[in-house]
Amino acid sequence: MSRRLVLLLAVTSGVAVGNLYFPQAIAPLIASGLDVPPDRASLVVTVVQLGYTAGMVLLVPLGDRLRHRPLLAALLCLTGLALLGAGCAPALTPLVAASALIGLTTVAAQIIGPLAAGLAAPGHRGAVIGTLMSGSTGGMLLARTFGGTLGEWLGWRAPYLVAAAVALILAAVIAHAVPDTTPGTRPSNSAPAAPLRSYGALLTAPLRLLRAEPDLRRSCLYQAAVFGGFCAAWTSLALLLTGPVYRLGAEAVGLLALVGAVTMLCTPVAGRLVDRHGPDPVNLVSLLGVLASAAVLTAGALGGVAGLAALTAGTLLLDVAMQCGMVANQARVYALRPGARSRLNTAYMTCAYLGGTAGSWLGVRAHAAFGWPAVCALIALLAAAALGRALTGPRRRTARPS
């Protein structure tokens, strides 16, 4: 893979991921622009996340059956049209419907990961995955700033329309710049299955892979535990900063989130370490980093300058550990079955998101019942569970052939 192609795929991943996050910044503007209550306008944010989960289950496995270049171009075109429809929506109901389509189709990053893993040489796969993770992280961090700033200047429709233009331009570029790869699996030539039955088997394949691949289950456990702690921290952090300990505004959470931009520099380094030493050592250091971050974050309950410094250092360490661990996990998962990388990625990412959802739910309740130290204890408990598996569980050293 050329550096230009890796950069293009990283930018595309960032744009796709950013479509999930910029609506969060303009939800109040949507409420005032469409004259609806803020809680109803927040449906836009909820629906786009639900659509994304559905897209991972329904569309990402197609990366093992369809050629990547036309699939990526088609998904970006559909995302662009859905964004255009959202920007032109006359009322909340069509905006919510368009948001569901945006979430469903903006799964390009989950198609790009298996594509890049197949194109990269085995000794450079970790570095490529790390660069793609930098793009996704940049999209996640910058999307809120992009949406909020542009929305304040030009109204809530402007971010949707600009994002639509970017998605359509990227679709045209992808259609010409990405190699036309062969799909990982094809229906049997001797006894072709009916399309509906074949598609159904493709959708249930991630469950079968979870049963068959111990290393997939191990990677899912690591990421679900760490991402659960990550989501518990960031969901509860807003309650801490806006509560009686700090009495800050919601913008303080956004400024603190920008500290995570450092991870854009760390994930390529983690990828090179995975190429050199394998994913297991990187996972081990990442889990130890999550445990250390929980200890540092505990001091955030003190308040004042010292507490803010602890929160800044702790969230930075947690972000870096989580993202570097994801690079190691994805490198391990993509090496298992080259012909099933999209289905493996579906199983892995679905487990990670389920862990994040559970972490958010538990974090809010822990904070409400016992305060911020309970949230830090939850992060440590989840990391310790994954660390125990990393230190004591069996490991397979060879990948199963496709």
Counting other Cβ atoms within 10 Å, which trypsin sites (Lys or Arg not before Pro) in the stretch 290-395 have at most 14 and lie in a DSSP loop? R395
Cα centre as origin, Lys/Arg/Asp/Glu Cβ charges: the chain dipole, Debye: 1420
If amide H atoms are built 1.01 Å from N in the plane of the peptide, which residues on other chains or at least 5 residues away come under 5 Å of the amide H of T181? H68, R69
Over the chain, calculate the relative contact order: mean separation of alpha carbon pairs under 8 Å at least 6 apart, over the residue count, as a percent. 23
Positive-end residue of A331, L237, F227, charge dipole of the stretch 204-392 with Cβ unit charges: A331
Given the options I30, A16, V45, identify the residue whose Cα lies farthest towards the positive end of the charge dipole of the stretch 3-180 (+1 on Cβ of Lys, Arg; -1 on Cβ of Asp, Glu). A16
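Nearest 500 deg cm²/dmol is fine: what mean residue ellipticity at 222 nm does the chain get from its DSSP H runs of n ≥ 4 alone, each adding -39,500 (n - 2.57), divided by its residue count?
Calculated at 222 nm, the ellipticity per residue is -27500 deg cm²/dmol.
Return a whole-number percent for the relative contact order of the stretch 204-392, with Cα pairs under 8 Å and 6 or more residues apart as the contact set.
Over the stretch 204-392, the number comes to 42 percent.
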If I take every Cα pair under 8 Å that is 6 or more residues apart in the stretch 3-180, average their sequence separation and divide by the length, what percent do I get for the relative contact order? 40
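Every number in this text was worked out from the coordinates using simple rules, so none of it is lab data. Remember, predicted model here, so these are calculated numbers, not experimental data. Neighbour counts are summed over all protein chains in view; Cβ atoms, including those assigned to glycine, are modelled from backbone coordinates with ideal geometry.
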